[in-house]
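What follows is a short report on a single structure.
Nothing in this text is a laboratory measurement; each read-out follows from the coordinates by a stated rule. Just so it is clear, the structure is predicted and the values come from calculations on it, not from any experiment. FYI the Cβ positions are ideal-geometry reconstructions off the backbone, even for glycines, and counts take in every protein chain you see.
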Amino acid sequence: MRIINRKALHNYHILESLEAGIKLFGAEVKSVRAGRLELSQSHARIIGEEAYLINASIPPYQNAAMKSYDPQRSRKLLLHKSQIKSLIGRLSAGNLTLVPVAIYEKNNFVKVQLGLARSKKEFDKRKVMKERDHQRRVEQELRGRE
């Protein structure tokens with residue numbers, strides 16, 4: 001199970017990535033394992049000395065006994081103090097953002113891959129799409145000739 005934030009990969013240049021744990025309720029874990037998670041509008045923020053995942057939507061698990069949690073609530077990310085201090089320094093130094101790139105399961109724990117990212121300009125996005133279309137056409141022509 002791996003849920004990728006395609007919107008983040010489209011809108012940002014990922015400069016560096018790191019892995020963090022996430023603090024979830026039991027019903028949220030089951031919902032994530034079922035693939036019911038929306039990361040497109042989410043981001044991570046450091047508040048005080050702790051990191052949080054904000055705007056990640058995890059809808060309630062249908063068969064759960066506890067259905068009264070807020071699906072949009074901020075969830076605490078589990079990082080070492082040294083990692084948080086390093087991120088604070090990097091985020092304050094430049095125009096960087098902390099975005100969740102993917103959520104996956106590792107050794108029965110739910111992990112978040114965070115990316116230290118810089119926003120793409122509009123012409124960068126168009127350039128990537130143009131290169132992708134060109135590559136697709138070349139592959140189609142090569143398949144057609146064989």
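Miscellaneous remarks
- Filtered residues of region 91-117 (kept if exposed (fewer than 14 other Cβ atoms within 10 Å of the Cβ) and more than 19 Å from residue 75 (Cβ to Cβ)): 92, 93, 94, 95, 107
- Subset of region 1-35 (residues that are basic (Lys, Arg), touching a residue at least 60 places away in the same chain (Cβ under 8 Å) and closer than 25 Å to residue 83 by Cβ): 2
- Residue count, region 1-17 (criterion: surrounded by 15 or more Cβ atoms within 10 Å (Cβ to Cβ) and over 19 Å from residue 73 (Cα atoms)): 5
- Selected residue [surrounded by 12 or more Cβ atoms within 10 Å (Cβ to Cβ) and either within 16 Å of residue 113 (Cα to Cα) or within 16 Å of the chain's Cα centre (by Cα) (or both)] from 88, 22: 22
- If you go through region 37-56 and keep only what is more than 12 Å from residue 99 (Cβ to Cβ), touching a residue at least 24 places away in the same chain (Cβ under 8 Å) and not aromatic (Phe, Trp, Tyr), you end up with 37, 46, 49, 50, 51.
- For region 37-61, filtered to residues that are more than 19 Å from residue 110 (Cα to Cα) and part of a loop (DSSP other than H, G, I, E, B), the residue that is nearest to the chain's Cα centre (by Cα) is 41.
- Scanning region 39-67 for residues that are buried (at least 17 other Cβ atoms within 10 Å of the Cβ) and more than 25 Å from residue 10 (Cβ to Cβ) turns up 60, 61.
Let's see how each residue does on (1) assigned to a strand (DSSP E or B); (2) over 20 Å from residue 8 (Cβ atoms):
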site: 69; (1), (2): no, yes
site: 86; (1), (2): no, yes
site: 90; (1), (2): no, no
site: 112; (1), (2): yes, no
site: 116; (1), (2): yes, no
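- Subset of region 25-36 (residues that are in a helix (DSSP H, G or I) and surrounded by 13 or more Cβ atoms within 10 Å (Cβ to Cβ)): 27, 28, 29, 30, 31, 32, 33
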